[in-house]
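We did not get these values from a lab; they are worked out from the coordinates using the rules stated. These numbers were taken from a predicted model, which means no experiment stands behind them. Note that we place each Cβ from the backbone using ideal geometry, even for glycine, and neighbour counts take in every protein chain shown.
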Amino acid sequence: MVTKQKVDRSKNVAPVSLSDLGIDASTERNVNPAGFAVAVRVLLQNWRQGTVSCLGRGEVTSRSNKKPWKQKGTGRARAGSPRSPIWRGGGVTFGPQPRTRELSISKKMRTNVFNALLFNQLNSNNIVVLDWMLEGDTPKTSAANIALRNANLSGKKVVFFVDQNDALTRASLQNIPNVRLISFDQPNAYDLADCDGWVFMKKDFNRFKEMILPWI
């Protein structure tokens with residue numbers, strides 16, 4: 001459940017409203033909860049590398065495939081190969097193999113999910129614009145921490161939208177545990193839903209509007 005966030009305008013931060021973005025409330029769309037589940041499941045599945053693997057009995061090369069002892073007369077159980085799965089060091093029966101599983105979601109459903117997430121954050125005043133810029137040519141995590149603390153965002157799990165080419169800001173924010181950095185050209189439903197609010201800098205206001213325009 002998203003809680004309403006109190007924002008102090010005197011601390012270089014202000015909530016973003018529908019009028020600020022030029023959005024009409026009538027563009028809000030209703031999404032079935034199953035739609036969110038499908039969108040997140042598709043992301044998590046497609047993010048999997050699919051590289052887990054193990055050797056089957058036919059792929060084990062560290063052991064000979066010669067029959068260990070004759071079939072009868074030894075008093076021991078029959079054995080056909082040291083590569084057998086029941087032997088220590090042998091192959092694995094029905095073990096995982098490298099493969100790629102890909103799921104897809106329709107463009108319309110993806111747009112509706114983003115639209116619902118956007119209006120959910122707007123209606124809760126959880127989208128804020130931060131009037132802050134890093135001074136100097138070196139990244140400073142301490143300065144970013146101070147800016148977030150002054151904006152009453154310290155300790156809150158937030159998504160911070162940053163330009164892909166803004167290396168200084170990225171380096172200043174990437175080590176803060178409660179901040180998740182996302183580029184304007186790579187939003188995803190999983191990260192946008194799993195947070196207490198969205199944040200972006202005042203200088204990137206137009207970039208934010210360009211990002212959300214296809215969701216309306």
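If I compute Cα Rg over 2.2 N^0.38 Å from the structure I just sent, which labelled value in [x] 1.35; [y] 1.58; [z] 0.97 lines up?
It is the one labelled [y].
What aspartates and glutamates sit close enough to Lys157 to cross-link, taking a C-alpha to C-alpha distance under 16 Å and skipping anything fewer than 8 places away on the same chain?
Within the straight-line limit of under 16 Å, Lys157 reaches these aspartates and glutamates: Asp191, Asp194, Asp196.
Using only the Cα atoms, what convex hull volume per residue in Å³ does the stretch 7-94 have?
Dividing the Cα hull volume of the stretch 7-94 by its residue count gives 256 Å³.
Assuming R0 = 30 Å, can you tell me the calculated FRET efficiency for the pair Asn32 and Glu102, based on Cβ-Cβ distance, to the nearest 0.05?
After rounding, the FRET efficiency stands at 0.85.
For the stretch 100-141 and the stretch 62-89, what is the separation of their Cα centres, given in Å?
That distance is 59 Å.
For Arg76 and Ser154 in one chain, what is 0.36 nm times their gap in residues minus the Cα-Cα distance, to one decimal in nm?
21.2 nm
Tell me, what HN-Hα J-couplings in whole Hz come from the Karplus equation 6.51 cos²θ - 1.76 cosθ + 1.60 at θ = phi - 60° for each residue of the stretch 201-216, using x for Gly and Pro?
With the stated coefficients, the stretch 201-216 comes to 7, 4, 5, 9, 4, 5, 5, 5, 5, 5, 5, 7, 4, x, 8, 8 Hz.
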